[in-house]
1. Have a look at 167, 175 and point out the one that is without any contact (Cβ under 8 Å) to a residue 60 or more places away in the chain, open to solvent by less than 60 Å² (accessible area, probe 1.4 Å), over 27 Å from residue 213 (Cα atoms) and of a type outside the set (D, E, K, R).
2. For region 193-209, enumerate the residues that are open to solvent by less than 100 Å² (accessible area, probe 1.4 Å) and either touching a strand residue (DSSP E or B) at 6+ places or on another chain (Cβ under 8 Å) or free of Cβ contacts under 8 Å to residues at least 12 places away in the same chain (or both).
3. Tell me which residues, restricted to region 179-192, are surrounded by 12 or more Cβ atoms within 10 Å (Cβ to Cβ) and either within 18 Å of residue 62 (Cα to Cα) or of a type in the set (D, E, K, R) (or both).
4. Could you look through region 22-39, keep only residues that are surrounded by 15 or more Cβ atoms within 10 Å (Cβ to Cβ) and not aromatic (Phe, Trp, Tyr), and pick out the one that is farthest from residue 168 (Cα to Cα)?
5. Out of 86, 44, I need the residue that is open to solvent by 80 Å² or more (accessible area, probe 1.4 Å), at pLDDT 80 or above and not polar (S, T, N, Q). Which one?
6. How about region 98-125: which of its residues are of a type in the set (S, T, N, Q) and more than 17 Å from the chain's Cα centre (by Cα)?
Amino acid sequence: MPGPGPGGPGGRGRSFAKPKNTKRTALRTLSYLSKSKLRMAAVLCCLLLSVGTNMGGSYYMRPLINDLVGGRFGGPSDLLAALVPLLCIYLVGALASYLQSVIMARLAAKGVNRLRKDLFDKLQDLPISYYDGHTHGELMSRFTNDADNVQMALQQSVVSLFSSCIMFVGLVSIMIYTNALLFLITVVILFLTFLVIKFMGGKSRKYHQQQQAALGKVNGNIQEMIEGLKVVKAFTHEEEAKANFAALN
């Protein structure tokens, strides 16, 4: 019957650890994107253009709808002529959004490439005692699942954060200019929404941590069973191994 393996049960509980300094960790992760400042500037320009055209198109539709409802268009040709600028605005926005997505995807991929290299270099410097306390599958999970999550965060979450901030400032300015009372009503609704999101976000974060910890245990078990498959066969431990994996999975 195979033993607990190089990771042992003691290391499996540490497959997820909250950073001691979240802000420093976030800035360090973002530093993997800042290596190419020219591409980051291009992403920012495309992001500003995309958000600007989105808000501009929405604001342009207001008089367009008012004219349409008020019957101020002489005919279909007048309506078509009024829709052409709106179409151009959204086409420019779509092109900017596409370019931003492509450039950001490449930046995130290269950033995670450097992250994996730094991680592999770090593994070469760690003492043997570290490997006695962590399963092979858990360490492999850092290069696969965790690295993929970082790439997804760099590629989507960072852009969404900046886009939301810019959009928020722009929409607030437009709303105050258009109707201050409507803005105050929206502020109350946003505050209540923020409280709900904060509550749900805390719950979601806890479950995500548990998910990552469980995934590390599953990967560790798979690694151990594959490495010790001959021992499993020799001691007819197949059924116990299946049951153990089913429980972890």
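The values are calculated or read from the model by the stated rules, or taken from the named source; none is laboratory data. Treat the numbers as computed from the prediction; the structure is a model and nothing was measured. As a convention, Cβ positions derive from the backbone with ideal geometry for all residues, glycine included, and neighbour counts pool all protein chains shown. Calculation scope for accessible area: heavy atoms of the full protein, side chains included, ligands and nucleic acids excluded. Shrake-Rupley method; radii C 1.70, N 1.55, O 1.52, S 1.80 Å.
1. Details: 167 fails: without any contact (Cβ under 8 Å) to a residue 60 or more places away in the chain.
After applying the criteria, what remains is 175.
2. Here is the first cut: in region 193-209, the residues open to solvent by less than 100 Å² (accessible area, probe 1.4 Å) are 193, 195-196, 201-204, 206, 208-209.
193, 195, 196, 201, 202, 203, 204, 206, 208 - these are the residues of region 193-209 that are open to solvent by less than 100 Å² (accessible area, probe 1.4 Å) and either touching a strand residue (DSSP E or B) at 6+ places or on another chain (Cβ under 8 Å) or free of Cβ contacts under 8 Å to residues at least 12 places away in the same chain (or both).
3. Hits for region 179-192 are 179, 183.
4. Initially, region 22-39 is screened for residues surrounded by 15 or more Cβ atoms within 10 Å (Cβ to Cβ), giving 29, 32-33, 36, 39.
Among the residues that remain, those that are also not aromatic (Phe, Trp, Tyr) are: 29, 33, 36, 39.
Numbers: 29: 25, 33: 24, 36: 27, 39: 24 Å.
Within region 22-39, the match that is farthest from residue 168 (Cα to Cα) is 36.
5. Values: 86 fails: open to solvent by 80 Å² or more (accessible area, probe 1.4 Å).
On inspection, the qualifying residue turns out to be 44.
6. Of region 98-125, the ones of a type in the set (S, T, N, Q) are 100-101, 113, 124.
Selection gives 124 alone.
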